[in-house]
Amino acid sequence: MIAIINKTKAKFYIIIIWLIISTILFNTKFKQVIIKQMYPTTYANYIESYAEEYGVEKEIIYAIIKAESNFNESAKSNKDAVGLMQLIPSTAEEIANKLNVQLESEDLLNAEININLGTKYISSLIGKYESLGVALAAYNAGSGNVDNWINNGIIKEDGSDLENIPYKETNNYVRKILRDYEIYKQILNG
């Protein structure tokens with residue numbers, strides 16, 4: 001008899017715990033707090049200003065920064081990429097020259113400068129390839145590689161077959177950015 005009561009109590013407690021957990025998990029405000037923690041909008045003033053200036057959707061810039069540095073202003077990669085948008089110094093120098101901006105190596109760790117140059121760079125790649133997915137592949141793997149893939153028929157210029165990107169890292173990168181781009185659109189546009 002006691003074993004039956006204990007089993008009944010255990011089932012009762014399990015149901016109560018499940019109800020509490022499901023209420024928390026399915027609570028819209030709770031989900032919003034979690035999502036905003038996972039998808040920050042730090043540096044919004046710079047991101048939104050330069051996105052508008054260069055004609056790029058701000059959500060793309062947020063997604064790139066999230067993937068590249070997770071909003072760590074002093075991030076450095078083992079491939080010498082630096083800052084929030086993980087710019088290679090030689091690429092940053094090219095962009096700075098086009099913008100008539102004087103650039104010192106430590107400037108790439110400055111959030112505003114890094115976002116300015118990175119946003120201009122992705123803007124120019126989107127203009128060149130006319131496909132966001134292909135532009136993102138070039139941002140990650142370099143324009144030379146992407147041009148070769150297009151010229152050799154590995155991927156199409158319109159980005160309709162991005163699953164064929166031969167570099168696994170770049171293939172995953174493009175998918176991740178496009179996913180996070182959609183999430184940022186939901187966050188920032190209600």
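How large is the Rg to Rh ratio of the range 65-160 when both quantities use alpha carbon positions and Rh follows Kirkwood?
Looking at the range 65-160, the ratio lands at 1.00.
Could you calculate the FRET efficiency of LYS128 with MET38 from 1/(1 + (r/R0)^6), where r is the beta carbon distance between them and R0 is 30 Å, rounded to 0.05?
Step by step, r from the Cβ atoms, then E = 0.45.
If you fit an axis through the alpha-carbon atoms of helix 44-54 and take the longest principal axis of the Cα set of the chain, what angle between them do you get, 0 to 90°, nearest 10?
Rounded to the nearest ten degrees, it is 40.
With each label point set 7 Å from Cα along the Cα-Cβ vector, what nm distance links LYS168 and TYR13?
Taking the simple label geometry, LYS168 and TYR13 are separated by 4.5 nm.
What does the convex hull of the alpha-carbon atoms of the chain project to on average, in nm²?
Answer in nm², one decimal: 15.0.
Bear in mind these aren't lab numbers, they're just calculated from the coordinates by the rules spelled out. Predicted model, so just to flag it, every value in this text is computed and none were measured. All Cβ positions, glycine included, derive from the backbone under ideal geometry; neighbour counts span all protein chains shown.
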